[in-house]
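Remarks on the structure that follows.
The values are calculated or read from the model by the stated rules, or taken from the named source; none is laboratory data. Note that the coordinates shown come from a computational prediction; the quantities given were computed from them, not determined experimentally. Glycine gets a Cβ as well: all are built from the backbone with ideal geometry, and neighbour counts include every protein chain shown. Each accessible area value is taken on the protein alone, full model and side chains, heavy atoms only, with ligands, DNA and RNA left out. Shrake-Rupley method; radii C 1.70, N 1.55, O 1.52, S 1.80 Å.
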Amino acid sequence: MSRIPKERSRPYDRTEPKSVGDLMSELIALRGIARTQSRRQFEEVWRKLIGADFAELAKATGLKNGVLQVVVSNSALLSELASFRKHELLEQFRTEHADLKVRDIKFKLRGKPTL
């Protein structure tokens, strides 16, 4: 007496198992680790481009939709950066750090920047 197997309610999963690298990428994305690394990268690049004299007075805080967010400690520096140095800094980002895809810089006055 042979039995006929019942129909399965769902078919077998025939997809290939995910690689460890793919699983790690998903975990990093879920935990937000990549955002932290990205922010640090922008901060380092910004510090290099703006120079040591201004690095403590104007800090990059992140990138939103291609716009680099920068917190500036005083209005005189805000005016100088926004009016006279913005185009130069954008050009440096585009030529030296094209992989970061910065399309604009937005400066905000916030007193002494602390992160």
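One table, with the values for the structure above:
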read-out	value
Contour minus Cα-Cα distance for Lys86 and Thr15 (0.36 nm per residue)	20.5 nm
Gained length - Lys64 relative to Arg94, 0.36 nm times residue gap less alpha-carbon distance	9.2 nm
Amide hydrogen neighbours beyond the local backbone of Ile105, cut-off 5 Å, H modeled	Leu68
Area of Arg47 that stays accessible when all protein chains are in place (1.4 Å probe, Å², to 10)	120 Å²
Spin-label model distance (nm) - Ala52 vs Ala76, 7 Å beyond Cα toward Cβ	2.2 nm
